[in-house]
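No value in this document is a laboratory result; all are computed from the given coordinates. Source: prediction; values computed, not measured. Quick reminder, even Gly has a Cβ in these numbers, built from the backbone with ideal geometry, and neighbours come from all protein chains shown.
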Amino acid sequence: MALLETRGLCKSYGKLEAVKDLDFQVEEGELRGLIGPNGAGKSTVFNLITGFDSVTAGKVLFRGEDITGMPAHKIAKKGIARAFQQCFLFMFSTVLENVLVGCHMSSRAGALREFLHTPAARRQERAAREKALRIIDFMGMSDLVNELAGSLSHGHQRALGVAMALACEPTLLLLDEPVTGMNPTESAEMVQRIRRIRESGITVVLVEHSMEVVMNVCDRITVLSYGRKLAEGRPEEIRNDPVVIEAYLGKEEA
């Protein structure tokens, strides 16, 4: 059984078919690339999987369970987290405080118990802080723990967004263009973080325009064009596929 599967997934906006009859499977432990030209439907697929947009037709299955149409917060509770292309950070809060927000989103403590500051709530707060510090260390940002998010470099802000997603304890992590706007050094650091995430046991699906990143880190790649699956295979197969070269890679090089 695939960890994630879409069956005949469709999304239409009036007469525009953003995603059309997409059959897509991701195996547990995989690092999958999802690529295609601008407007190919990549981010729309992420929106449909995570419940941020409604499905026109078809199904989304997670661990064999039909999650089509579930609210986004319930899908997140199932174990799917997403790091967005645009970072949603609390710019006037520290790195630690930002990651704690993610920890509290997965917390089981009741709001009343937290408000009353019961012993159980205090224990959970200590546990959340320890968890947040572990994630920050895992992302290589321990020296920035007390820095304001707004003062971080672009690369560290993107890494902080991923850290917040990891705080939700996902089984599946969706990364939307994680190296966009980064310089070569920042990009290389993010690639290493992504590899560590997969090595930790988290399945990753990656949308990215950087072919160097996609070809170097992904086990398999799915190519979209005009909302449809154009090709699928290992990086070397995709790199040498004439249909992909014509539809996407050739344009990238032009």
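Quick notes on this structure:
- The chain - charge dipole about Cα centre, Lys and Arg +1 at Cβ, Asp and Glu -1, debye rounded to 20: 980
- Within the same chain, aspartates and glutamates fewer than 8 places from Lys77 are excluded, and of the rest, those with a Cα less than 15 Å from its Cα are Glu65, Asp66, Glu169.
- Given +1 at the Cβ of Lys and Arg, -1 at the Cβ of Asp and Glu and no other charges, the dipole of the range 1-141 around its Cα centre is 420 debye to the nearest 20.
- Placing unit charges on the Cβ atoms of the charged side chains and taking the dipole of the chain about its Cα centre, the candidate lying farthest along the positive direction among Met211, Gly140, Val223 is Gly140.
- On Cα atoms only, tilt of 154-166 relative to the major axis of the chain in degrees: 80
- Helix 95-105 and the long axis of the chain differ in direction by around 80°, with both axes built from C-alpha atoms.
- Calculated from the alpha-carbon coordinates, the range 23-172 shows an Rg and a Dmax of 17.1, 53 Å respectively.
- Of all the options Ala149, Ala127, Ala83, the one that moves most in a Gaussian network model of the chain with Cα springs shorter than 10 angstrom is Ala127.
- Excluding same-chain neighbours fewer than eight residues apart, the lysines reachable from Lys20 by a Cα-Cα span under 21 Å are Lys11, Lys42, Lys59, Lys229.
- Euclidean distance between Cα centres, the range 164-227 to the range 49-89, Å: 18
- Inter-probe distance in nm under a simple model that places probes 7 Å from Cα toward Cβ, at Asp23 and Lys59: 1.4
- Comparing His209, His156, His104 in a Gaussian network model of the chain where C-alpha atoms under 10 Å apart are linked, the largest mean-square fluctuation is found at His104.
- Fluctuation leader among Leu152, Leu16, Leu160 - the chain, Gaussian network, Cα springs under 10 angstrom: Leu16
- Between 0 and 90 degrees, the angle of helix 119-138 with respect to the longest Cα principal axis of the chain falls at about 50 degrees.
- The chain, relative contact order [Cα under 8 Å, separation at least 6], %: 26
- For Lys15, the aspartates and glutamates whose Cα falls under 18 Å of its own Cα, not counting residues fewer than eight places away in the same chain, are Asp53.
- For Ser225, nonlocal amide neighbours, meaning residues 5 or more places apart or on other chains whose placed amide H falls under 5 Å from its own, are Leu230.
- For His154 and Ala72, the FRET efficiency from 1/(1 + (r/R0)^6), where r spans their Cβ atoms and R0 equals 35 Å, is about 0.85.
- FRET efficiency, 1/(1 + (r/R0)^6) with R0 25 Å, evaluated for Ser200 and His104 via beta carbons: 0.70
- Sequence-distant residues sharing a close amide H with Leu34 (under 5 Å, placed H): Leu206, Val207, Glu208, Thr222
- Taking label points 7 Å from Cα along the Cα-to-Cβ direction, Ala120 and Phe92 give a separation of 3.4 nm.
- Cα lying deepest toward the dipole's positive end in the chain, options Ala83, Thr118, Thr6, charges on Cβ: Thr118
- For the chain, radius of gyration divided by Kirkwood radius, i.e. Rg to Rh on alpha-carbons: 0.99
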